[in-house]
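Structure, as structure tokens:
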Amino acid sequence: MRRFFVHKPAIASDKATITGSDVKHIRTVLRLKPGDRIVLVDGRGSEYLARINESTSRAVTVSILDTRVAAPEPGVELAIGMAMVKAGKMDRIVRQLTELGVAAFLPFVAERSVPRPNADRAAKKRQRWQAIAKEAVKQCGRLHAPRVAPLVSYEQVLKASAAY
């Protein structure tokens, strides 16, 4: 069954509203119609079985049929410090490690890293990786997307490693 993230405030008792890019995905890509069932995840450990009531170009309204507390995340949090790699390889790494259960990514620029993005480009890459992680979470059935830290130097990753 298809899974979609919703913020807890978007869920009101037995109704919920899906907005943003998921609306286009539901309507255009998946071609889901009123009456179809989906699963909503609130990012706080709850899943909701829902039925689509109404679908417009701006929002999809659903009825909550069942609420359940999903299996908890693993007891051990794994954080990965990863040196920047060329091209789209970082996207694949983020996707696959998210599916394996990583809790945090700490990307850094190593001495021999070829990609060395400036601050604006690094911020855009971080947003992209966070979006990829969110999509991977939907794919594998986890409840929480891993945190993608800002791009830093190797020395800063070593200092941050004390928190893990």
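At-a-glance table
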{"quantity": "Fraction of accessible area attributable to carbon and sulfur, the chain (%, probe 1.4 Å)", "calculated": "51 percent"}
{"quantity": "Test item: Cα-centred dipole of the range 75-164, Lys/Arg +1 and Asp/Glu -1 on Cβ, debye", "calculated": "320 debye"}
{"quantity": "Loop-resident sites, the range 1-49, for trypsin sites (Lys or Arg not before Pro), counting at most 16 other Cβ within 10 Å (DSSP)", "calculated": "R2, R31, R44"}
{"quantity": "Candidates T19, T67, T28: whichever shows maximal mean-square fluctuation once the chain is modelled as a Gaussian network with Cα springs under 10 Å", "calculated": "T28"}
{"quantity": "Estimated distance in nm for a label pair at A123 and K33, the labels positioned 7 Å out from Cα along Cα-to-Cβ", "calculated": "4.5 nm"}
{"quantity": "Beta bridges per DSSP with both ends in the chain, % antiparallel, nearest 5", "calculated": "60 percent"}
{"quantity": "Computed E for E99/S13 - FRET, C-beta separation, R0 25 angstrom, nearest 0.05", "calculated": "0.15"}
{"quantity": "Kirkwood Rh in Å, taken over the chain so that all alpha-carbon pairs contribute", "calculated": "17.4 Å"}
{"quantity": "Leading residue at positive end of dipole, the range 85-162 (Cβ point charges), from Q139, L151, T98", "calculated": "Q139"}
{"quantity": "Rel. contact order, % - alpha carbon contacts under 8 angstrom, at least six apart, the chain", "calculated": "20 percent"}
{"quantity": "Flagged links, alpha-carbon separation over 23 Å, of K24/K138; K86/K159; K86/K125", "calculated": "K86/K159"}
{"quantity": "Theoretical FRET efficiency, 1/(1+(r/R0)^6), r = Cβ-Cβ of D66 and A162, R0 41 Å, to 0.05", "calculated": "0.45"}
{"quantity": "Mean separation of Cα contacts under 8 Å (6+ apart) over length of the range 37-129, as relative contact order %", "calculated": "20 percent"}
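The values are calculated or read from the model by the stated rules, or taken from the named source; none is laboratory data. Only a predicted model underlies this, so the values are computations on that prediction, with no experimental measurement involved. So basically every Cβ, Gly included, is an ideal-geometry build from the backbone, and we count neighbours across all protein chains shown. What goes into the accessible areas is simple: the full protein's heavy atoms, side chains included, and nothing from ligands, DNA or RNA. Shrake-Rupley method; radii C 1.70, N 1.55, O 1.52, S 1.80 Å.
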